[in-house]
Amino acid sequence: MAVQSSFDPQAFRTALGTFTTGVTIITTQAEDGSPIGITANSFNSVSLNPPLVLWSLAKSARSLPVFSAGSHWNVHVLSTEQEPLSGRFAMQGENKFAEIELDNGISPAPLLQDCTARFQCRTAFQYEGGDHVIFVGEVLAFDHSDRAPLAFQSGQYALATRKPRSELRLATTPPPPECSYTEDLLGYLLGRVHYQLLDALHRLLSNQQLDEHAFFILSVLCIRDNLTLDEINHFVSYTGHVVSVASMRFLEKQNLVALEGSQQAPRYVLTATGREASLQQVALAKAVEENVSARLAPGDAQALKVLLKRLIAASDPGLPDLWAPR
């Protein structure tokens, strides 16, 4: 690790940014009754007995006189769903509280809803700390939920997921030293969870007298109807399946798809029966996802989706965007 020999303020700021924090909104009420709120990540605990917390505000901040004069303020630890709210309260010159429902607190300070945690505080001390003012507050009331907290790291929002206390192993017996195929292979992990999640879907497809091949075709047409055979193949190419005329004729006989256009340029659309079958499949897939997500820690499913999207983008050979407008 290189040590800075000269003190560079920007490098210092970058180094501080490597410390991952939560994201909070601090609110208070001005003397004229107007609500005031700012986004801050300088929040920290101070003491359990008495219950004290602190945060800091730049001396250049427009809201500093209001917070300095006020006796009460509330700290809201934001959840991952509240990232837009964080952005709103980080901006200046807009009505930040427009169309926001508030709870009644023990003080006039605005109390936001749906947070990971909230601390209602009375100003206990104020200290100057360089170019900031440090506010220490006595916690008069607090509450918290199981919502996953929003994180901030190196100037960007981040997602937090809990690390198991001990290493999670799927197999009780470790592989022999000469075996290079282990459960830590990404392909194995992705493949195993893929088939485990699709188990219930395969049973539904069997009841519908369909297979995974038909599922991909119906899914594509449910999202983007009126496609040629080449276009359908274009969209399902990532699965390794090749859709043939015979495949489409089978679905036609099942009254799941219909042929439109001329014989020279045929296009396929879902029938009402086909759309209903596809929606049943999607509903089941969502139910399976919700069931699995409920077994994970708060925020794990969202973090997993972000990582999978990054992995797909990193390994994408240039497949078409199924949801892109025509």
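Descriptive notes on the structure:
- Ascending count of other beta-carbon atoms within 10 Å, so fewest first, for ILE312, ILE26: ILE312, ILE26
- Each of GLU252 and LYS305 was given a label point 7 Å from its Cα along the Cα-to-Cβ line. The distance between the two points is 3.8 nm.
- Neighbour counts of other Cβ atoms within 10 Å put LEU168, LEU159, LEU201 in the fewest-to-most order LEU168, LEU201, LEU159.
- Ranked list, fewest to most other Cβ atoms within 10 Å of each Cβ, for VAL257, VAL306: VAL306, VAL257
- Largest-first principal axis extents of the Cα set of the range 186-315 (Å): 52, 33, 21
- The range 132-168 and the range 28-48: distance between their alpha carbon centers, rounded to Å: 16 Å
- Net charge dipole size for the chain [Lys, Arg +1 and Asp, Glu -1 on Cβ; Debye, nearest 20]: 220 debye
- Span from the the range 210-240 Cα centroid across to the the range 285-326 one, whole angstrom: 19 Å
- The chain: relative contact order as a whole-number percent, Cα under 8 Å and 6+ apart: 14 percent
- With 0.36 nm allotted per residue and the present C-alpha distance subtracted, the GLU290-THR273 stretch has 3.5 nm of extension available.
- Protection proxy ranking, peptides 317-323, 207-213, 265-271, average beta carbon neighbours within 10 Å, highest first: 265-271, 207-213, 317-323
- Size check on the chain: the Cα extents along the three principal axes, sorted descending, read 78, 58, 39 Å.
- Degrees separating the helix 272-294 axis from the principal Cα axis of the chain, which is the longest one: 40 degrees
- Mean sequence separation of contacting Cα pairs (under 8 Å, at least six apart), scaled by the length of the range 14-159, corresponds to a relative contact order of 31 percent.
- Counting 0.36 nm for each residue step from SER145 to ASN49 and taking away their Cα separation leaves a gain of 32.3 nm.
- The range 196-326: relative contact order in percent, alpha carbon pairs under 8 Å with at least 6 residues between: 29 percent
- Under the combined filter of DSSP loop state and at most 14 neighbouring Cβ atoms within 10 Å, the range 125-166 retains these trypsin sites (Lys or Arg not before Pro): ARG162, ARG165.
Any read-out appearing in this document is the output of simple, stated calculations on the displayed coordinates, not a laboratory observation. Values in this document were obtained by computation on a predicted structure and should not be read as measured data. So basically every Cβ, Gly included, is an ideal-geometry build from the backbone, and we count neighbours across all protein chains shown.
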